[in-house]
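Accompanying notes for the structure given below.
The values are calculated or read from the model by the stated rules, or taken from the named source; none is laboratory data. Because the structure is predicted, anything quoted here is derived from the model rather than measured. All Cβ positions, even for glycine, are placed from backbone atoms using ideal geometry, and neighbour counts span all protein chains on display.
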Amino acid sequence: MSDDRAAFGDRAAFDVRPVDLLDPDQEQAAQEWIDVHAAIQRDLFGDRGSAWTLEEIRGFVRETDKMRVALAAWRGTDLVGALEVHLPLRDNQHAAMLWLSVLPSARGVGVGSRLLAEGERISAENDRSTLMVETEWAEGGVDAAEGFATSRGFVVAQTVLRSEQTLPADPAMLHAVAERPGAADYAFESYVDDMPDAWLEDRAVLQQRMSTDAPADDLDIAEEDWDAERLRASNARSRASGRRVVETVVRHVTSGRLVGFSTVSVSRNEPHLAYQRDTLVLREHRGHGLGLRLKAANALRLMEEMPEVSAIRTWNAASNDHILAVNRRLGYTVDGYSREWQKVAGPSE
């Protein structure tokens, strides 16, 4: 802490201002803002950090069902701290998600505390009673932000494992898993980049069930509100930001309905890394090994369509024993952890 103080100087020598990520006149500030978040990933994971691009974040800012407020801390002309306050507008209107990063050289002088206070102020002004933040650390390390979070009233609501599957995986193994006998009443289909319109209604149901059927542990979150148009718009924004998508679904042959899905996306900025987004099988269709088969089939399609991808990265709740067993079966190994922290406050009067 003393070294940080010496490097950074007087705690009063910084100020906090909003950043409009969509304003062309603030292009440099916006890029430096996202660079701070990326720098923290490099500090935590080296070249294995997971960083959003500014283009991708701008896609999120343009969403009409969420409001995102960006703030930054400057020391003179140097941007040293970044905060995003994410406020859902369509569902979970009691919650605010905070994304807070401070450069290592700027710690110990109140930058994080000041940004957090601004985030709590914005949340209170928007009548949010539950605040959520995330901390991360690499395998073999410790959660260096634990003291900061606990001293400010946050408690752990969920622990998450970060894992990777190296590609190309053994295609014979993946085919054996994806095509294993049994569950004849189910069929698998997939797409690359553009979701078929005929899927939208069923997929919107699955997306909504993702918010209720996946383990939430102690997180204070409610069911999300999804329909075909919201899903269409979300997919369009993802594509516009430069992300490619590979998705496999499972169809219940008797009813003709989609009952499960698994999706990965690949950023134009990181063409060698796929991010596992969601995997879900409806509770009423579990017990047939469909989740394992979905992920295997999707990995095969990804390897076929994008052979340059060398790994799939995923995050799963530590309490989700089933999907963690699926991952181990497919060769995923744990390389990091995160915690979802929560603080229940009172809405503004």
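Numbers for the structure displayed
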item: Condition broken by residue 51, with the remaining ones in (1) within 30 Å of residue 242 (Cα to Cα); (2) not in a loop (DSSP other than H, G, I, E, B) satisfied; result: (2)
item: Only listed residue being basic (Lys, Arg) and surrounded by 14 or more Cβ atoms within 10 Å (Cβ to Cβ), chosen from 293, 328; result: 293
item: Residue selected from segment 331-349 under the condition of a type in the set (A, V, I, L, M, F, W, C) and surrounded by fewer than 18 Cβ atoms within 10 Å (Cβ to Cβ), by the criterion farthest from the chain's Cα centre (by Cα); result: 345
item: Subset tally (residues that are more than 30 Å from residue 34 (Cα to Cα) and not in a strand (DSSP E or B)) for segment 260-289; result: 8
item: Residue match in segment 296-304 (condition: exposed (fewer than 15 other Cβ atoms within 10 Å of the Cβ) and modelled with pLDDT of 95 or more); result: yes
item: Residue 156 being in the same structural domain as residue 298 (by TED's automatic domain parsing), touching an Asp or Glu at 6+ places or on another chain (Cβ under 8 Å) and under 28 Å from residue 48 (Cα atoms); result: no
item: Odd one out for residue 260 among (1) without any contact (Cβ under 8 Å) to a residue 60 or more places away in the chain; (2) under 28 Å from residue 135 (Cα atoms); (3) crowded, with 18+ Cβ neighbours inside 10 Å; result: (2)
item: Segment 172-201, subset in contact with a helix residue (DSSP H, G or I) (Cβ under 9 Å, 6 or more places away or on another chain) and charged (D, E, K, R), residue farthest from residue 241 (Cα to Cα); result: 180
item: Within segment 260-284, considering residues that are hydroxyl-bearing (Ser, Thr, Tyr) and under 20 Å from residue 207 (Cβ atoms), the one nearest to the chain's Cα centre (by Cα); result: 275
item: Check on residue 323, on the phi < 0 side of the Ramachandran plot and in contact (Cβ under 8 Å) with a residue 60 or more places away in the chain; result: no
item: Every pair of residues 6+ apart whose Cβ atoms lie under 6 Å, when the first sits in segment 267-282 and is assigned by TED's automatic domain parsing to the domain that holds residue 50 and exposed (fewer than 15 other Cβ atoms within 10 Å of the Cβ) while the second is modelled with pLDDT of 95 or more and not aliphatic (A, V, I, L, M); result: none
